[in-house]
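Worksheet: the structure to be examined is printed underneath.
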Amino acid sequence: MARKKKLPEAEYRLRVFPVRNERNTKPAVAVVVETTKEFVSFHYEVLIADRIVGNTITLKILGLHTPMSVMPGVGPARAFRVYEHGLGTIAIVIYSPDGDQNVYKLAMRSSSIDVIEAPSRPFILFSPQPVRLPE
């Protein structure tokens, strides 16, 4: 009997949740990319390149970075962006450092995000759970 090949565990988590833009009260969406692994010595940052065209947000994970401050801390490596975006459908395209691609299609509501379409074998897991954003 052939052994089933175990799928690799996701290394990243994509958090998407609605936020209010403090400057002009327009609807906005927070997009957070974080590692599933928690670090116990330092706070690392996830380096990302981003682009938004129409209703598509494209993110490329470039790798991890050690911030200038060497304050110890516990938690996942994290990057975030806030985009002004009204209600409706958006697509988030994410590229891993290895070039793999995941696409999530999401329905934005004023107080929640619903997944319309998700990849079958993601390297990045989706979560609508908000996290506290840095000031």
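None of the figures in this text is laboratory data; all of them are computed from the coordinates on show. Every value quoted in this text rests on a predicted model; they were computed, and no experiment measured them. Note that each Cβ is placed from the backbone with ideal geometry, even for glycine, and that neighbours are counted across all protein chains shown.
Determine, for the chain, the count of lysine pairs separated by eight or more sequence positions (or lying on different chains) whose alpha-carbon distance falls under 30 Å.
For the chain, the number of qualifying lysine pairs is 13.
Please state the relative contact order of the chain as a whole percent: Cα pairs under 8 Å, 6+ residues apart? Walk me through the intermediate numbers first.
On the way: 303 pairs, mean separation 36.8, N = 135.
Once divided by the residue count of the chain, the mean separation gives 27 percent.
Students often get this wrong, so try it: which of (i) -0.50, -0.96; (ii) -0.42, -1.04; (iii) -0.67, -1.03 is log10 I(q)/I(0) by the Debye sum over Cα atoms at q = 0.11, 0.18 Å⁻¹ as calculated from the structure shown?
Checked against the structure: label (ii).
Under 5 Å between amide hydrogens, which residues at least 5 positions from H85 or on another chain qualify, with H placed 1.01 Å from N in the peptide plane?
A28, V29
State the extension gain, in nm to one decimal, for the chain segment bounded by D100 and S127, taking 0.36 nm per residue of separation less the distance between their alpha-carbons. Mind showing how you got there, number by number?
Details: separation 27, 0.36 × 27 = 9.72 nm, distance 1.93 nm.
Length gained between D100 and S127: 7.8 nm.
Hey, with R₀ at 30 Å, roughly what FRET efficiency would V93 and F42 work out to, going by the Cβ-Cβ distance, to 0.05? Working shown, then result.
Values: r = 30 Å, r/R0 = 0.99.
It comes out at approximately 0.50.
On full extension of the chain, what length is gained from M68 through I116, given 0.36 nm per residue of separation minus the C-alpha to C-alpha distance?
Working: separation 48, 0.36 × 48 = 17.28 nm, distance 3.89 nm.
Between M68 and I116, full extension yields an extra 13.4 nm.
State, to one decimal in nm, how far the label point of R81 lies from the label point of A10, with both points 7 Å from Cα in the Cβ direction.
Going from the R81 label point to the A10 one covers 1.9 nm.
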